[in-house]
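Here it is, the structure in full.
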Amino acid sequence: MTKGCNMKKCLSILLTVGVMFSMASCNGGTDSGPSSSTEAPAYEESGYKIVEGGESDYRILLPEQPNAREKYAAEELAMYLEKSTGAALPVTSEATVSGKYLSVGKTSLAMASGLELTYDRLGDDGFFLSQQGDDLIMAGYGGDGTLFSVYEFLETTLGVRFYAEDEIVVPEHEDVPLYKYAEEQRPDFEERALGYLATQGNSINALHLRLGEGVGNWGLWAHTHFTIINYDLESGQSYKSSYPDWFSSDGTQLCLTNEEMRAKFVENLKTIISENPTAEYFMLGQEDQNTFCDCENCTRSNAVNGGESGTQMIFVNKVAAEIKQWLSETAPERNVTLVTFAYCKTEPAPVVHDEATDTFRPVNDAVVAAENVGVMFAPIYACFSHDILDRDCNALSRSALLGWAAVANKLMVWSYASNYAAYLQPFNNYSSIRSDYEAFHDNGVIYVYEQGIYNSYDSFHALRAYTHSRLLWDTSADVTALEDEFFSAYYGVAAPYMQEYYQLIKTHYMALEQDGLRENNPFHTYCTWNLGVMSLTSDCWPKALLTQFLSVFDRAYEEIAKIGDEAERKKFLIRAKRESLFARYLLLELYPVYYTEAQLRQMIDDFEYDAYECGVTRYVSADGIVGGPDISKKITEWRNGLL
């Protein structure tokens, strides 16, 4: 991946008359197309018609032996074309001289087209969309590229919009022209994943948003050191009692300088890799504690190798060398990358900073990531309302990102998009999300995973999934244009009021920073529980402001009540009520003394009913429960407070 270059913009050669309407367009993502988001774009027509009067003489062409993703792409193409036009296009794998084709994947037409369907050109997810005579070729090198080429066609020719899992817009057309496509796209990040319920929990929606399925092609994920070292034992058993020297003195981490431990670690890792024959990435991640082994050997290594992260890099590089040699002998066709965490104790990179030039270099050659090693930078202590490269607010995260870019060619990012002390609080990264993605891209990041709430809906959940997925594809996309279009489609008649509330939230966050809360420091946005909880105060959220929020929702409900269709009315009401839960939560948390017991009981009952109807089942990360306790715990706490 070329650093500092928006690959999509550099490669696009789409021929148009008028302005492109692709949501990830070459004009930086600005929506300058037709006023209606579902109106077909003003491409130059080729003179051919894919559909005319609801009928078509085109066929969908697949390779003779299509892979699973090519088959799925053809199914999606046929389904949405029929939904839009009524025309049912047959699928074939045989091309004739006289036939007209929508070619999907590496067909005979695609392979003879002269298009460079290579990884170096397209990566896994890039694609060509090319009109050649009366045929249209939609193809990528591999991965999901072909599928995304089909989605580009559906979006730009038919005006299909995949806003959310429960909001897909398919305009109706009697005629569909074949446009003069000469389009080539490659996303700014080779792999993209959002850890949201709407995406990590829904692979179809993730693909619609041009993300990967789940978190990607991982054989091991997240905090895996103990999983690996104990892999050959029965479930629940550990080597801690038998080999205490393999672990830190407090038992929370492995001792990475223990050679005997590393031998067992490599032995078990080979087994895991063998049992996951199609996986590309394996996380060698320390346990989820801000700790590190303090034995004499580790302490000595830290001192000469740039800290804990240097010791960890040396360990991972040694493991990677053994795995590389083993694979060259047993499975030379496999491409396996071992990924380590730059997280907590190992977040700072093992580098030397030249303050005069503001450049970073590895502290020594031993800490430089091997070619089969990736580094997952997780800025868990960053302030997300300020740019990751902000020298004042995010000095440590800035140094870590720039430092790791000097250490690893395969740099990855595990970012955060929720306050884990209050899931329902709108996460204040509105002004920084685009610049953070740009900083990641400019520093060679190849993979971004953004951890949100994966087991419950939170504030503006679908909006974030939509806009952030678009930014991950094209970091120069116009966020405001994306938001405006989304609000109109997703909230319908309530859109003006939902946007009003959205702007009130953003304006309030800006006012908090200008007021300089917290001992004259700017207002910050943290994801960690101990820091994030500081924003849940009456100083931050006055009762009058919360009441103002609810008055906006009341006006939204009035408009929604006018919708005649019951299903549509309920759909938009649930979407609006989901956003109201934050203000209602804070009224119950911060201001119960302002209400009578009867009022509080009704407020709690209404909150409980609406929360579950809206899919909001979690509210905080706590109690050692993966994903956090059920929201019923908080509701019970409120009710007990009335006794």
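Using the Cβ atoms and a cut-off under 11 Å, what net charge is assigned to the surroundings of Tyr420, where Lys and Arg are +1 and Asp and Glu are -1?
Surrounding charge for Tyr420 is 0.
Can you give me the long-range amide H partners of Leu254? Hydrogens built in the peptide plane at 1.01 Å from N, cutoff under 5 Å, separation of 5 or more residues or another chain.
Ser248, Glu287
Using DSSP H assignments, which helices in the chain have an axial alpha-carbon span of 20 Å or above and a mean Kyte-Doolittle hydropathy of 0.0 or higher?
The qualifying helices are 543-560.
Calculate for the chain the 222 nm mean residue ellipticity that helices alone would give, adding -39,500 (n - 2.57) per DSSP H run of length 4 or more and normalising by residue count, nearest 500 deg cm²/dmol.
Mean residue ellipticity, 222 nm, calculated: -12000 deg cm²/dmol.
Which of the lysines could be linked to Lys562 by a straight reach, that is with a Cα gap under 30 Å, when you skip same-chain ones fewer than 8 residues away?
Cα-Cα hits under 30 Å: Lys83, Lys506, Lys543, Lys570, Lys571, Lys577.
Next up: Be a star and scan the stretch 260-302 for residues whose amide nitrogen sits under 14 Å from the point 7 Å along the Cα-to-Cβ vector of Lys240.
287-289
Mind checking the stretch 290-381 for GluC sites (Glu not before Pro) that DSSP puts in a loop (not H, G, I, E or B) and that have at most 14 other Cβ atoms within 10 Å?
Passing both the DSSP loop test and the Cβ count: Glu333, Glu355, Glu371.
When each pair of different Cα atoms in the chain is counted once in the 1/r mean, what is the Kirkwood radius in angstroms, to one decimal?
Its Kirkwood hydrodynamic radius stands at 26.8 Å.
Okay, moving on. Work from the charge dipole of the chain (Cβ charges, +1 for Lys and Arg, -1 for Asp and Glu, about the Cα centre) and give the residue of Met412, Asn364, Tyr43 farthest towards its positive end.
Asn364
A follow-up question, please. Quick one: net charge around Val552, please, counting Lys, Arg +1 and Asp, Glu -1 for every other residue with C-beta under 12 Å from its C-beta.
Counting the neighbours of Val552, the net charge comes to -4.
Tell me, in nm to one decimal, what length is gained between Asn276 and Asp539 on full extension, where the rule is 0.36 nm per residue of separation less the Cα-Cα distance?
Going from the current span to full extension adds 89.5 nm.
Counting only C-alpha contacts under 8 Å and six or more residues apart, can you give the relative contact order of the stretch 532-625 as a whole percent?
About 31 percent, as a whole number.
Can you tell me which lysines have their Cα less than 17 Å from the Cα of Lys270? Leave out same-chain residues fewer than eight positions away.
Cross-link targets: Lys318, Lys324.
Can you tell me the dipole magnitude for the chain around its Cα centre, using point charges on the Cβ only (Lys, Arg +1; Asp, Glu -1), in Debye to the nearest 20?
The calculation lands at about 740 debye.
I'd like the accessible area for Asp392, computed on protein heavy atoms only with a 1.4 Å probe and all protein chains in place. Round to 10 Å², please.
Roll a 1.4 Å probe over it and Asp392 shows about 140 Å².
When we measure straight from the Cα of Lys100, which aspartates and glutamates land under 12 angstrom away, once same-chain ones fewer than 8 places off are left out?
List returned: Asp57, Asp134, Asp135.
Please report the relative contact order for the stretch 332-439, taking Cα pairs under 8 Å with a sequence separation of at least 6, and give it as a percent rounded to a whole number.
Answer for the stretch 332-439 is 29 percent.
So, one more: What number comes out for the charge environment of Leu194, summing +1 per Lys or Arg and -1 per Asp or Glu over other residues with Cβ under 13 Å away?
Overall, the nearby charge balance is -1.
Full-extension gain between Val304 and Tyr381, please, as 0.36 nm times their residue separation minus the C-alpha to C-alpha distance.
Length difference between fully extended and current span is 25.2 nm.
While we're here: Find the relative contact order for the chain and round it to a whole percent, using C-alpha pairs within less than 8 Å whose residues are 6+ positions apart.
12 percent
Continuing with this model, one more query. Order Thr299, Thr257 by their accessible area, 1.4 angstrom probe, all chains in place, largest first.
Thr299, Thr257
In nanometres, what is the gap between the two model label sites at Leu550 and His353, each 7 Å from Cα along Cα-to-Cβ?
Using points 7 Å along Cα→Cβ, the separation is 4.7 nm.
In the chain, if the dipole is taken from +1 on Lys/Arg beta carbons and -1 on Asp/Glu beta carbons about the Cα centre, which of Met510, Phe128, Leu207 is farthest to the positive end?
In the chain, that residue is Met510.
Another one. With point charges of +1 on the Cβ of Lys and Arg and -1 on the Cβ of Asp and Glu, referenced to the Cα centre of the stretch 553-640, which listed residue (Ser632, Ala576, Ser621) lies farthest in the positive direction of the dipole?
Ser621
The values are calculated or read from the model by the stated rules, or taken from the named source; none is laboratory data. Here the structure is a predicted model, which means the values were calculated and not measured. Glycine gets a Cβ as well: all are built from the backbone with ideal geometry, and neighbour counts include every protein chain shown. Only protein heavy atoms, including side chains, enter the accessible area calculation; ligands, DNA and RNA are left aside. Shrake-Rupley method; radii C 1.70, N 1.55, O 1.52, S 1.80 Å.
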